[in-house]
1. In segment 95-110, what count of residues is obtained for those that are loosely packed, with under 11 Cβ neighbours inside 10 Å and assigned to a strand (DSSP E or B)?
2. For segment 124-161, which residues satisfy the criterion of being assigned to a strand (DSSP E or B), of a type in the set (Lys, Arg) and open to solvent by 50 Å² or more (accessible area, probe 1.4 Å)?
3. Please tell me if Gly87 is under 24 Å from Asn156 (Cβ atoms), exposed (fewer than 14 other Cβ atoms within 10 Å of the Cβ) and modelled with pLDDT under 95.
4. Within the set of pairs 6+ apart or on separate chains, which have a first residue in segment 89-113 that is on the phi > 0 side of the Ramachandran plot, a second that is open to solvent by 70 Å² or more (accessible area, probe 1.4 Å) and assigned to a strand (DSSP E or B), and C-beta atoms under 7 Å apart?
5. Which members of segment 52-79 meet the condition of being within 31 Å of the chain's Cα centre (by Cα), modelled with pLDDT under 90 and either under 22 Å from Val154 (Cβ atoms) or among the basic types (Lys, Arg) (or both)?
Amino acid sequence: MHKSFWLAVALVALGLLASLVPQVTYPTYSSGKPSPSVLVAWPGWGVQQDLGRLRGTVGRFQIWVAGQQDRDTQLELSAWLLDSETGNVLRETTIDVVSAHIPVVRSLDFPSYDVPDGQRLLLQMQVAEHQKHSVSYRLAYPQSGNEYVKLNGVANAGPGPLALTHQNTSSGFRAAFLGEQSERVRLALAVICGVVAALIHPRVARRLRKLAHTRGHRLRIWIRPRTELRTKPATGDVPGRLGRWLSVPW
């Protein structure tokens, strides 16, 4: 019974560790929870969002966007990653915007870019001037420290920042060390199950019981003379007649 239980726990630990090997996609940055507010931009209008000081490698962003065009046409949205101080273009990409009444999630896939320490990034998106329809972007609820969205370089164009997240893809182990909550919980469970499996292994369990018995025996030997010393009458303390009478086994 003990051996089968140990085997089950060990298999659970191995399974959890194996689940952390494959590649997973997880968010590493978020501007905030999407709100009901939207920002409408007409052809030729540029929408900018300060991304702050992102770290590591950036490449894939998710945004909420929709076009108000006819369903028979396609609307191409151009996007750039800029250095917010110099305005230099670092990466660029395009996506097709779908026609919808409300903004829907779309992915902006930039070529990978390693952000130098201290550099601030700016995301800019724009529909070409020859297009005939506007684009609506979902905004996020304001958060402390987040810059509001800009329209044609004018700050505070909407009641919050653009709703967007940055996505990263790596192994579950790396995701756990980078703070992804679900992968971190899985790693913690794997470690706990591994420690339990090691402790309840039949050979280890026998040694632990033997060690506990030895330590308990030594502790009893150490405590016994001190207990007897506290209960033994002091020298010269001779019980009187009442004490002898009480000591008689009636």
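The values are calculated or read from the model by the stated rules, or taken from the named source; none is laboratory data. What you see is a predicted model, and the numbers here were worked out from it, not measured in a lab. All Cβ positions, glycine included, derive from the backbone under ideal geometry; neighbour counts span all protein chains shown. These accessible areas exclude ligands, DNA and RNA; they are computed on the full protein's heavy atoms, side chains included. Shrake-Rupley method; radii C 1.70, N 1.55, O 1.52, S 1.80 Å.
1. Going through segment 95-110 one residue at a time, the tally reaches 1.
2. Matches in segment 124-161: Lys150 only.
3. yes
4. none
5. Gly52, Arg53, Arg55, listed by residue number.
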